[in-house]
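The values are calculated or read from the model by the stated rules, or taken from the named source; none is laboratory data. All values reported here derive from a predicted model rather than from experimental measurement. Don't worry about glycine lacking a Cβ; one is built from the backbone with ideal geometry, like all the others, and counts go over all protein chains shown.
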Amino acid sequence: MKFIYSFLFILLFFASCKSSKEAYNSYTNLTAKKKVTPLILQTWYQKDYGQDTIPGISLDKWYAQNKKKPKSKDIIVAIIDTQIDLKHEDLQEKIWTNPNEIPNNGIDDDKNGYIDDINGWSFTGTKSGGYIVWGNFEYVRIVREWETLYKDKIESQITAQELSNYKEYLRAQKILEKEINYYKNWLKSLNYSVLTYPIAKDSLKHYFPKEDYTYQQLDSMYKKYKINDKTFRQRREDRDWDIGAMIGFMKARLDFNEHSLEDVKENETQADSILNKNLNINFNERTSLGDNPKILEKGYGNNNISNNKTNHRTIQDHCTKVSGIIAANRTNNKGIKGISDNVKIMPLNISYSGDENDKDIAMAVRYAVDNGAKIINMSFGKEFSLHKEWVFEAFKYAEEHNVLLIHSAGNNKFNVDENPYYPSDNCFDGSKEVCSNFINVGSISLKLNSMFVSRFTNYGKQNVDLFAPGDEIYTTGAGNVYKTDSGTSLAGPMVSGTAALIWSYYPKLTATEVKQIIMDSGTPYDLEVIVPGTKDKKVPFSELSKSGKVLNVYNAMLMAEKVSKHKK
């Protein structure tokens with residue numbers, strides 16, 4: 001049956017290519033002829049290369065030509081992420097509301113296991129009504145969990161069944177030791193900087209009474225006072241040597257984007273928290289949740305998905321950016337236009353400073369499936385997974401219920417065929433993929449040259465499915481603002497929004513069909529690109545993902561129409 005279905009899909013794909021030859025061109029001799037103005041930069045990812053010579057997703061082209069109305073009700077897209085800014089002007093009426101729950105009555109009205117889950121759920125919500133700010137990195141959890149089993153043991157003492165976990169423990173332990181040493185040294189340096197900053201500032205006041213110096217001015221002044229080995233002994237007691245040191249110190253602060261003593265102290269606080277919380281094997285964020293971390297269970301956490309206090313906006317920013325790309329209002333003449341207007345966002349909080357917990361990932365996926373989501377966007381990732389089996393089971397659960405999973409490939413600039421990156425549909429043990437409803441998305445820029453693939457993105461011929469714009473993306477931000485940011489976190493929702501658009505017009509398609517349509521209908525670019533993480537190693541763009549293509553909404557909608565017609 002699977003072979004017959006695959007054969008039919010191939011026939012449909014080639015039929016759609018034949019009937020729309022222009023739409024599926026592989027572009028060569030690429031040049032960006034149109035000047036990229038600040039206004040175009042805000043919407044570049046929505047452009048079409050054939051019309052605009054800008055390698056966007058051809059969204060504007062599809063909307064300009066489409067005359068049809070959506071066939072289905074709003075598509076629910078679950079965003080498993082941070083908190084969200086529910087008050088953002090461009091997301092009004094775009095947030096999912098649980099139709100079977102009575103607000104704030106303290107009762108689980110719909111009997112889904114979550115009390116007062118009106119707009120979603122925070123799996124990082126604490127018993128006191130707050131939320132987790134700091135959590136462990138996953139390799140810390142692995143060392144803590146497996147230390148009693150494997151500490152100080154050699155491989156010959158390990159059984160064949162435990163060998164894989166033993167090696168993962170050693171890998172985690174090595175990274176933990178390295179990171180602890182790094183942050184200890186950085187914190188020591190910041191402690192020194194906090195003490196030295198007022199002295200340096202006072203020393204430079206003689207030269208800059210208004211304290212309005214730039215990096216360039218300091219650099220020019222530093223060169224003037226720079227001392228070589230021959231004159232060191234003669235001038236070591238000279239006041240100019242002290243000034244030179246203070247100039248060098250202040251230059252370094254500007255290099256680290258520290259423009260005030262408050263900035264230095266903030267970095268000191270961050271480094272201290274990373275060392276004593278993220279990397280601390282004795283710190284466990286689960287204690288404030290009151291759950292049992294050993295089992296999967298409903299009900300822990302709270303319904304506080306959006307703490308709108310001004311000083312809490314940072315923790316809302318990521319989810320707000322992702323949501324805007326997918327669902328920002330297209331008709332209110334404000335801010336930006338989301339990919340699909342026919343969407344409701346279901347915010348599910350699992351992210352904080354640290355690595356997401358596999359239990360929260362699995363339970364959020366199951367919540368999304370059980371409460372009507374068709375698409376789950378996951379713009380997060382990590383290099384270790386302590387309970388990957390929980391996540392795999394949740395992914396299979398989503399597959400059984402025809403729900404599509406979209407994941408951002410990550411910003412580590414490495415090959416995820418060789419370096420595990422989670423969550424994934426790959427067990428990284430040589431076995432086949434665990435599900436057929438998972439799309440992993442890398443990032444491209446608007447540069448039609450060797451820098452076409454974003455320098456930060458992960459890649460992989462087997463484990464990255466396709467690419468989408470993720471460089472310099474203008475979107476919604478927490479605090480009712482708009483901002484530009486980069487990362488595969490912004491490429492993933494391009495695909496999620498496209499899937500929602502497809503389903504809103506062709507609701508009878510399956511998750512597997514939508515995935516295949518998105519991958520097959522992408523735009524191939526005939527470019528030699530620099531491999532992320534290398535200085536100048538070049539390969540064909542097609543070698544960095546399974547499809548070798550970039551998301552194309554226009555093509556996807558054409559193909560979806562043809563596949564849908566053949567299903568009738």
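Things worth noting here:
Quick grid of which residues meet (1) under 30 Å from N278 (Cα atoms); (2) part of a loop (DSSP other than H, G, I, E, B); (3) modelled with pLDDT of 80 or more; (4) among the small types (G, A, S):
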residue: L187; (1), (2), (3), (4): yes, no, yes, no
residue: S193; (1), (2), (3), (4): yes, no, yes, yes
residue: T196; (1), (2), (3), (4): yes, no, yes, no
residue: D202; (1), (2), (3), (4): no, no, yes, no
residue: H206; (1), (2), (3), (4): no, yes, yes, no
residue: D212; (1), (2), (3), (4): no, yes, yes, no
residue: Q216; (1), (2), (3), (4): no, no, yes, no
residue: I227; (1), (2), (3), (4): no, yes, no, no
residue: Q234; (1), (2), (3), (4): no, no, no, no
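- Single unsatisfied condition, M559 versus (1) crowded, with 22+ Cβ neighbours inside 10 Å; (2) closer than 19 Å to N440 by Cβ; (3) hydrophobic (A, V, I, L, M, F, W, C): (2)
- Considering the range 100-147, the residues that are over 26 Å from the mean Cα position of the chain (by Cα) and polar (S, T, N, Q) include one that is nearest to M363 (Cα to Cα), namely N112.
- Inside the range 275-298, residues that are surrounded by fewer than 13 Cβ atoms within 10 Å (Cβ to Cβ) and modelled with pLDDT under 95 make up a count of 4.
- The set of residues from the range 540-567 being free of Cβ contacts under 8 Å to residues at least 24 places away in the same chain and not in a helix (DSSP H, G or I) comprises just one member, P540.
- Residue that is modelled with the lowest pLDDT [pool: residues in the range 113-129 that are of a type outside the set (S, T, N, Q) and assigned to a strand (DSSP E or B)]: G125
- Residue list for the range 364-399, restricted to those being of a type in the set (K, R) and closer than 19 Å to I75 by Cα: R366, K374
- Counted residues, the range 37-87 - those being among the small types (G, A, S) and either modelled with pLDDT under 95 or in contact with a strand residue (DSSP E or B) (Cβ under 6 Å, 6 or more places away or on another chain) (or both): 3
- Residue check, S323 in contact with a strand residue (DSSP E or B) (Cβ under 7 Å, 6 or more places away or on another chain) and under 29 Å from L41 (Cβ atoms): yes
- Scan the range 512-526 for residues that are of a type in the set (S, T, Y) and either under 10 Å from I439 (Cα atoms) or part of a helix (DSSP H, G or I) (or both) and the total you get is 1.
- Just one of the listed residues (K167, K184, K201) is among the basic types (K, R) and surrounded by 15 or more Cβ atoms within 10 Å (Cβ to Cβ), and it is K201.
- Failed condition for A252, given (1) of a type in the set (A, V, I, L, M); (2) under 28 Å from Y139 (Cβ atoms); (3) out of contact with any helix residue (DSSP H, G or I) (no Cβ under 6 Å at 6 or more places or on another chain): (2)
- The residue of the range 403-426 that is farthest from F541 (Cα to Cα), among those that are β-branched (V, I, T) and more than 12 Å from the chain's Cα centre (by Cα), is V403.
Conditions tested, residue by residue: (1) under 15 Å from the mean Cα position of the chain (by Cα); (2) closer than 30 Å to L170 by Cα; (3) in a loop (DSSP other than H, G, I, E, B).
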| site | (1), (2), (3) |
| --- | --- |
| K298 | no, no, yes |
| D317 | yes, no, no |
| N329 | no, no, yes |
| L348 | yes, no, no |
| A368 | no, no, no |
| I376 | yes, no, no |
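- When residues of the range 148-186 are limited to those that are in contact (Cβ under 8 Å) with a residue 60 or more places away in the chain and over 27 Å from the mean Cα position of the chain (by Cα), the one farthest from D263 (Cα to Cα): S164
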